[in-house]
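> What follows is a structure written as C-alpha cells; I'll ask about it next.
The values are calculated or read from the model by the stated rules, or taken from the named source; none is laboratory data. These numbers come from a predicted model, not from an experiment. Heads up, the Cβs are rebuilt from the backbone with ideal geometry, glycines too, and the neighbour counts pull from every protein chain shown. Ligands, DNA and RNA are excluded from the accessible area calculation, which covers all protein heavy atoms including side chains. Shrake-Rupley method; radii C 1.70, N 1.55, O 1.52, S 1.80 Å.
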Amino acid sequence: MKKDLEKYYLAFNEASDGIVFIDPNSGLVEDCNLAFEKLVGRSLERLKEIKFWHLVPVTERRLTKKSFAEVVSIGTGKLSELNIERPDGSVIPIELRLKQISQNEDAFLVGIARDISEKILISKALIEFEKIYRTIFENTSVALAIGDENTIIKLANPSFAKLCGFEVEELKGKISWRQFLSPKERMVSYRFDLPPLVVPLVKLVQRSLRPLEPVVCNPMRCAGVFDCSLSSILQSILLPR
C-alpha cells in the first residue's frame with residue numbers, strides 16, 4: 001500500500017500538466033503539483049491563501065468566479081482561455097478541466113491545467129493565413145473549385161465560374177463538378193476513388209453545352225477527406241513541392 005501511494009505521488013508530482021485540488025466551497029487551493037506551481041508562478045503555501053478566481057486579472061474575477069460556481073453546481077466543466085496573472089505581472093492563458101470528487105463526506109475539485117499560449121498563437125496565425133489564401137483563391141487566374149464527398153461544389157473562384165459560364169453564387173452548394181465534364185470524362189471521373197486524384201487532360205463543358213478546349217485538371221483530396229480548409233488546399237495546389 002505504501003509503495004502504491006509513493007508511485008501515485010511520484011506520478012502526481014512529475015506530471016507535465018498542472019494538477020490542482022480546490023475546495024469547492026471556499027475556492028481555496030488545497031494541493032497542487034510542481035507543474036501547477038510553475039504555471040501560475042506561486043508556491044503551494046501561497047496558493048493556499050488565495051481564492052482560485054483571484055489568480056486572474058481583476059477585470060476578469062467576477063466572470064471567473066461565476067464560471068467556477070457553475071462548474072461546482074454541475075460537478076464538471078472546462079474553463080477555456082483562463083488568463084492567469086503571475087506575480088511578475090505576466091499573463092498566461094490556460095485551459096482548466098475540473099471534476100468534482102466526493103470521498104465520504106468530503107468533496108473537492110480536481111483540475112488539470114495546461115498552458116495554451118502556443119495553441120492560441122497558432123490559431124491566430126491560421127486565421128491570418130486563411131485570409132491570405134482566400135485572397136489568392138479569389139484573385140488567381142487559375143480556375144479552382146472545392147467539392148464535398150458527393151462532388152457538390154462548396155467553393156469556386158471567379159476564374160472557375162467564368163470558365164464554366166456560371167456566376168459564382170450559382171455554383172456553391174448546388175452543382176456537381178461532374179456536370180462540367182464531357183460524357184467520356186464523366187465516366188472516367190467515377191474512378192477517382194483513391195488519392196492522389198490526377199487527370200492529365202479532360203474536356204470541360206460550358207453552361208451552353210459548348211465543349212471547351214482540353215484543360216489540365218488536378219482533382220485531389222486533402223487528408224483523406226473533402227471537408228478541408230481553404231489554406232491546406234491552396235498550399236497543396238500553389239506552393240512548390
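> Testing Q179 on (1) modelled with pLDDT of 80 or more; (2) polar (S, T, N, Q); (3) open to solvent by less than 100 Å² (accessible area, probe 1.4 Å), one condition comes back false. Which one is that?
The number of the failed condition is (1).
> Filter the stretch 1-60 for residues that are of a type in the set (S, T, Y) and touching a residue at least 12 places away in the same chain (Cβ under 8 Å); which is nearest to A113 (Cα to Cα)?
First, pick out the residues of the stretch 1-60 that are of a type in the set (S, T, Y): 8-9, 16, 26, 43, 59.
Next, from what is left, pick out any that are touching a residue at least 12 places away in the same chain (Cβ under 8 Å): 16, 26.
Details: S16: 10, S26: 19 Å.
Taking the candidates together, the pick is S16.
> A further question follows. For the stretch 133-145, indicate whether the set of residues that are farther than 30 Å from K51 by Cα, open to solvent by 60 Å² or more (accessible area, probe 1.4 Å), in contact (Cβ under 8 Å) with a residue 60 or more places away in the chain and not in a loop (DSSP other than H, G, I, E, B) is non-empty. Even if it seems obvious, please write down each step before you answer.
Let us first name the residues in the stretch 133-145 that are farther than 30 Å from K51 by Cα, namely 133-145.
When the remaining residues are screened for being open to solvent by 60 Å² or more (accessible area, probe 1.4 Å), the result is 134-136, 138-139, 141-142.
When the remaining residues are screened for being in contact (Cβ under 8 Å) with a residue 60 or more places away in the chain, the result is 134, 136, 142.
If we keep only those that are not in a loop (DSSP other than H, G, I, E, B) as well, we get 134, 136.
Yes: one or more hits.
> Kindly evaluate I112 against the criterion of being closer than 27 Å to F12 by Cβ, touching a residue at least 60 places away in the same chain (Cβ under 8 Å) and touching an Asp or Glu at 6+ places or on another chain (Cβ under 7 Å).
yes
> What residue, among those in the stretch 58-73 that are among the aliphatic types (A, V, I, L, M) and crowded, with 16+ Cβ neighbours inside 10 Å, is nearest to F108 (Cα to Cα)? Spell out the reasoning first.
The initial filter retains those residues of the stretch 58-73 that are among the aliphatic types (A, V, I, L, M), namely 58, 63, 69, 71-72.
Remaining after also requiring crowded, with 16+ Cβ neighbours inside 10 Å: 71-72.
Details: V71: 12, V72: 9 Å.
By that ranking, first place goes to V72.
> Identify the single condition in (1) at pLDDT below 90; (2) of a type outside the set (V, I, T); (3) not in a loop (DSSP other than H, G, I, E, B) that N150 does not satisfy, given that it satisfies every other one.
All conditions are met except number (3).
> Looking only at the stretch 1-20, filter to residues that are at pLDDT 85 or above and in a loop (DSSP other than H, G, I, E, B); which one of those is nearest to the chain's Cα centre (by Cα)?
D17
> Identify the single condition in (1) in contact with a Pro (Cβ under 7 Å, 6 or more places away or on another chain); (2) under 13 Å from G18 (Cβ atoms); (3) not aromatic (F, W, Y) that L109 does not satisfy, given that it satisfies every other one.
Status for L109: all satisfied but (2).
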